[in-house]
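J.: Below: one structure in structure tokens.
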Amino acid sequence: MSIVIPTTKSASAGTPSPHPKSKRRAFEPVAGPLRVVLLLIYAVPILFIILTSLKDPADVISSQASVLFTPTLQAYSSVLSNQGLFIAMQQSLVIAAGTTALTLLVAIPAGYGLARVDSRITTAGLGLLIVLQMVPQTANVIPLYQVFGAWGLLNQNLGVIIADTALLIPFATLLLRPFFRGVPEALEEAASIDGAGMMRTFWSIMLPIARNGVATTGTLVFLLSWGEFLYAVNFFQSPENYPLSALLAQQVSAFGIDWPGLMALAVITSIPILILFTFTYRLLREGLTLGAVK
Amino acid sequence: MPADRMAKQPARQTTLSDGSAHKPPWRHSMGRRNKLAFALPAGVFLLIFSFFPLFQLVRMSLSDVSARTLNLPWEFVGFDNFSESATQGSLIPALGNTVVFVLIVTVIGLIGGLAAAILLSTSTRLSAFVLGIMVFIWALPPVVNGSVWKFLLGDAGLINSVVTTVGLSTDAIPFLYDERFALFSVAIVNSWAVIPFNALVFRAAILGIPGETFEAARIDGANRWQEIWHMIVPAVRPTTLVLTVLTVVYAFRSFDFIFVMTYGGPGVATNTLPFLSYLQAFVRFDFGMGAATAVISVLLVLVLAVIYARSVRSEEARS
């Protein structure tokens, strides 16, 4: 999921080309039902997360597929009565927010620098970022476990935040770069003629103009670090410190899964994502599709 | 590609303003060079927390490292870890699994993505709603999506209820517990998870086709199927090329769904290269061997990166 390299704007993204209605006739009888099929393929799993979380464990044993049952909030009350859940929520929030802040702090200037200078160093840097982004996470977690052990970064949030940040900097930088590239250089030059320094130009001219890019990147980094569990599972020595994603990963690979409880946990893990998604959907849709991939 | 045209525009403006700005050219180019300093923090951060660990990974792969000796000086053993991993019989199946997995995810992910994009490139309310749901699924943590599919694919799950009701099979199909099905099941779920992103990118490419092109085709009497085949498919070709590499990489790196749905099993049926390295290091505590397997996967990534760079360059040369 974290492999995304979109670039600058394509002129007409967002404005559907005015396709005349008449020629759709031959296609529509097939397309309509197919759209509904597509909807089912993606909506049914969400539906079942919610339905199952409202079931009694006994209902799940009799038939997992049934949709007629007496809803109960039992799964939620037992999940929420667990003190550990609040710690997990807090951990998720700290790790995701920390990773987002640190990643943006480092990646925004990097995206800007790499957007403004065309040199061999830039090309090499971009190439390295693409390679880093392609490296499987398992190739990072094995040495990081040892390195963090030696540096005393295991078993604490900072270690996970740093590891997540290192994982997401290439993605964030490559995503931000085209947004800065889209800002006309003439604007910057005008500022420097007016006497603004390089930092000042960056802060008060570039950053405000590229804010959509920053918001898109920030949202995606938050989403990705919220769902990341491989580092958390391996760096924290006890599940007491797990964020929600790691808790979910641990419970789903255990024997004798309590499905209503697990699905309730999945719903709780997804609610912040739903809230964030509701506010940023338009931004994400445009940010990721503004232009082809490069 | 319209993106290219746009990307070049700022450069053109620069040349214009270069002429009009009353500044010696050398001062200007000095300023531009300095801007690379903005990338310095990222460079340092990645050097310490990405490249140094990767260097350690390579060292580890050439050493005998267990959980006990992890923080002691490592004994150099050359390529023993690689040959041992191969003779143990888990490396070659993992390579095969990886190839099959990547193929399935790439083919279904691309065809499904394009199909969904064509279906959803209209501006109806249903299209907008379906696209919204799909992007939401893409935004959900993989561990949530993996969990629900593990549930739906269970013996008493929804898919098996449908299968037995329709009469495709009298007994429940062990999608995730049978060596014949497990890899396919996880790969298909992974394709399902990547289709929304591919659809989003394809959709942008389709919406970028000028409306007049479609109008001209209509005057010539083309129907929608001909439009898809003769106009949309060629128009999204550059997008397809890049998305192919991205989807291959996505599939190759896939870890979350395997971890959640099968944990590499049954047996070694869903051990892909990255997952095998994880098992070797963190379950069998043979960090040297896990590192060796991970090094192989990093080398494969380098090959993919070169292919990627070449394809982007050749596409730029074409357009």
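J.: Mind counting the residues in the range A:60-103 that are without any contact (Cβ under 8 Å) to a residue 12 or more places away in the chain, over 30 Å from A:A163 (Cβ atoms) and loosely packed, with under 14 Cβ neighbours inside 10 Å?
T.: So the count comes out to 5.
J.: With the condition kept exactly as written, say whether any residue in the range A:118-133 is over 19 Å from B:R310 (Cα atoms) and surrounded by 21 or more Cβ atoms within 10 Å (Cβ to Cβ).
T.: no
J.: In this structure, is B:F82 of a type outside the set (D, E, K, R), assigned to a helix (DSSP H, G or I), on the phi < 0 side of the Ramachandran plot and surrounded by 14 or more Cβ atoms within 10 Å (Cβ to Cβ)? Break it down stepwise before answering.
T.: Working: of a type outside the set (D, E, K, R): yes; assigned to a helix (DSSP H, G or I): yes; on the phi < 0 side of the Ramachandran plot: yes; surrounded by 14 or more Cβ atoms within 10 Å (Cβ to Cβ): yes.
In short, yes.
J.: Report those helices (runs of 4 or more DSSP H) wholly inside the range A:24-126 carrying at least 1 residues which are of a type in the set (A, V, I, L, M, F, W, C) and under 27 Å from the mean Cα position of the chain (by Cα).
T.: Working: elements: A:28-53, A:57-62, A:74-81, A:83-116.
Per the criteria, A:28-53, A:74-81, A:83-116.
J.: Shifting gears a bit: Every residue in the range A:133-152 that is free of Cβ contacts under 8 Å to residues at least 12 places away in the same chain and more than 14 Å from A:I169 (Cβ to Cβ), please. Quick ask: steps written out before the conclusion?
T.: Residues of the range A:133-152 that are free of Cβ contacts under 8 Å to residues at least 12 places away in the same chain, as a first pass: A:135-136, A:139, A:142-143, A:146-147, A:149-152.
If the condition is that a residue be free of Cβ contacts under 8 Å to residues at least 12 places away in the same chain and more than 14 Å from A:I169 (Cβ to Cβ), then A:P136, A:A139, A:I142, A:P143, A:Q146, A:V147, A:G149, A:A150, A:W151, A:G152 are the ones that fit.
J.: Mind counting the residues in the range B:151-162 that are more than 7 Å from chain A (Cβ to nearest Cβ) and outside any helix (DSSP H, G or I)? Explain how you work it out, then say what you get.
T.: Taking the range B:151-162 and keeping what is more than 7 Å from chain A (Cβ to nearest Cβ), we get B:153, B:155, B:159-160, B:162.
Keeping just the survivors that are outside any helix (DSSP H, G or I) gives B:153, B:155.
Of the residues in that region, 2 qualify.
J.: Now for a separate question. In the range A:246-293, which residue that is charged (D, E, K, R) and surrounded by fewer than 19 Cβ atoms within 10 Å (Cβ to Cβ) is modelled with the highest pLDDT? Lay out the reasoning, then the answer.
T.: From the range A:246-293, those charged (D, E, K, R) are A:258, A:282, A:285-286; that's our starting set.
In the following step, the residues that additionally are surrounded by fewer than 19 Cβ atoms within 10 Å (Cβ to Cβ) were identified as A:258, A:282, A:286.
On the way: A:D258: 86, A:R282: 89, A:E286: 81.
Among residues in the range A:246-293 that are charged (D, E, K, R) and surrounded by fewer than 19 Cβ atoms within 10 Å (Cβ to Cβ), the one modelled with the highest pLDDT is A:R282.
J.: Using the structure shown, decide if A:A124 is of a type in the set (G, A, S) and more than 7 Å from every other protein chain (Cβ to nearest Cβ). Give the derivation first.
T.: Working: of a type in the set (G, A, S): yes; more than 7 Å from every other protein chain (Cβ to nearest Cβ): yes.
Here the answer is yes, as A:A124 does meet what is asked.
J.: Scan the range A:101-121 and give yes if some residue there is among the polar types (S, T, N, Q) and out of contact with any Leu (no Cβ under 8 Å at 6 or more places or on another chain), otherwise no. Walk me through how you get there before you give the answer.
T.: Filtering the range A:101-121 down to residues among the polar types (S, T, N, Q) leaves A:103, A:119.
Narrowing further to those that are out of contact with any Leu (no Cβ under 8 Å at 6 or more places or on another chain): none.
The answer is no, given that none of the residues of the range A:101-121 is among the polar types (S, T, N, Q) and out of contact with any Leu (no Cβ under 8 Å at 6 or more places or on another chain).
Listed here are the residues, each with its yes/no results for (1) in contact (Cβ under 8 Å) with a residue 12 or more places away in the chain; (2) in contact with a helix residue (DSSP H, G or I) (Cβ under 9 Å, 6 or more places away or on another chain); (3) of a type in the set (S, T, N, Q).
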{"residue": "B:T170", "(1), (2), (3)": "no, yes, yes"}
{"residue": "B:F181", "(1), (2), (3)": "no, no, no"}
{"residue": "B:V194", "(1), (2), (3)": "yes, yes, no"}
{"residue": "B:A205", "(1), (2), (3)": "yes, yes, no"}
{"residue": "B:F214", "(1), (2), (3)": "yes, yes, no"}
{"residue": "B:W225", "(1), (2), (3)": "no, no, no"}
{"residue": "B:P238", "(1), (2), (3)": "yes, yes, no"}
{"residue": "B:F259", "(1), (2), (3)": "yes, yes, no"}
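Yes/no per residue for (1) buried (at least 18 other Cβ atoms within 10 Å of the Cβ); (2) modelled with pLDDT of 95 or more; (3) under 14 Å from the mean Cα position of the chain (by Cα); (4) among the basic types (K, R):
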position: B:L200; (1), (2), (3), (4): yes, no, no, no
position: B:A205; (1), (2), (3), (4): yes, no, no, no
position: B:G208; (1), (2), (3), (4): yes, no, no, no
position: B:R224; (1), (2), (3), (4): yes, no, no, yes
position: B:Y250; (1), (2), (3), (4): yes, no, yes, no
position: B:V295; (1), (2), (3), (4): yes, yes, no, no
position: B:A305; (1), (2), (3), (4): yes, no, yes, no
position: B:R310; (1), (2), (3), (4): no, no, no, yes
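J.: Tally time: how many residues in the range A:127-158 are more than 9 Å from chain B (Cβ to nearest Cβ) and part of a loop (DSSP other than H, G, I, E, B)?
T.: Residues in the range A:127-158 being more than 9 Å from chain B (Cβ to nearest Cβ) and part of a loop (DSSP other than H, G, I, E, B): 5 in total.
J.: Those residues that are over 18 Å from the mean Cα position of the chain (by Cα), crowded, with 22+ Cβ neighbours inside 10 Å and of a type outside the set (F, W, Y), I need them from the range A:147-176; list them, please. If you could, list the steps in order and put the result at the bottom.
T.: Step one: of the range A:147-176, the residues over 18 Å from the mean Cα position of the chain (by Cα) are A:147-159.
Next cut, crowded, with 22+ Cβ neighbours inside 10 Å only: A:148, A:159.
Matches in the range A:147-176: A:G159 only.
J.: Residues in the range B:132-150: is at least one more than 8 Å from chain A (Cβ to nearest Cβ), within 22 Å of B:F257 (Cβ to Cβ) and not in a helix (DSSP H, G or I)? Break it down stepwise before answering.
T.: Pass one, the range B:132-150, residues more than 8 Å from chain A (Cβ to nearest Cβ): none.
There is no residue in the range B:132-150 that is more than 8 Å from chain A (Cβ to nearest Cβ), within 22 Å of B:F257 (Cβ to Cβ) and not in a helix (DSSP H, G or I).
J.: Of the numbered conditions (1) over 30 Å from A:Y281 (Cα atoms); (2) in contact with a Gly (Cβ under 7 Å, 6 or more places away or on another chain); (3) buried (at least 20 other Cβ atoms within 10 Å of the Cβ); (4) without any contact (Cβ under 8 Å) to a residue 12 or more places away in the chain, B:N71 satisfies every one except a single condition; which is it?
T.: Evaluating B:N71 over (1) over 30 Å from A:Y281 (Cα atoms); (2) in contact with a Gly (Cβ under 7 Å, 6 or more places away or on another chain); (3) buried (at least 20 other Cβ atoms within 10 Å of the Cβ); (4) without any contact (Cβ under 8 Å) to a residue 12 or more places away in the chain leaves (3) as the failure.
J.: Which residues, taken from the range B:263-302, are β-branched (V, I, T) and more than 10 Å from every other protein chain (Cβ to nearest Cβ)? Show your work before the answer.
T.: Here is the first cut: in the range B:263-302, the residues β-branched (V, I, T) are B:268, B:270, B:272, B:283, B:293, B:295-296, B:298, B:301.
Of everything in the range B:263-302, those that are β-branched (V, I, T) and more than 10 Å from every other protein chain (Cβ to nearest Cβ) turn out to be B:V268, B:T270, B:V283.
The values are calculated or read from the model by the stated rules, or taken from the named source; none is laboratory data. Quick caveat, the model's predicted, so the values are computed rather than measured. Counting neighbours? That spans all protein chains shown, and the Cβs are built from the backbone with ideal geometry, glycine included.
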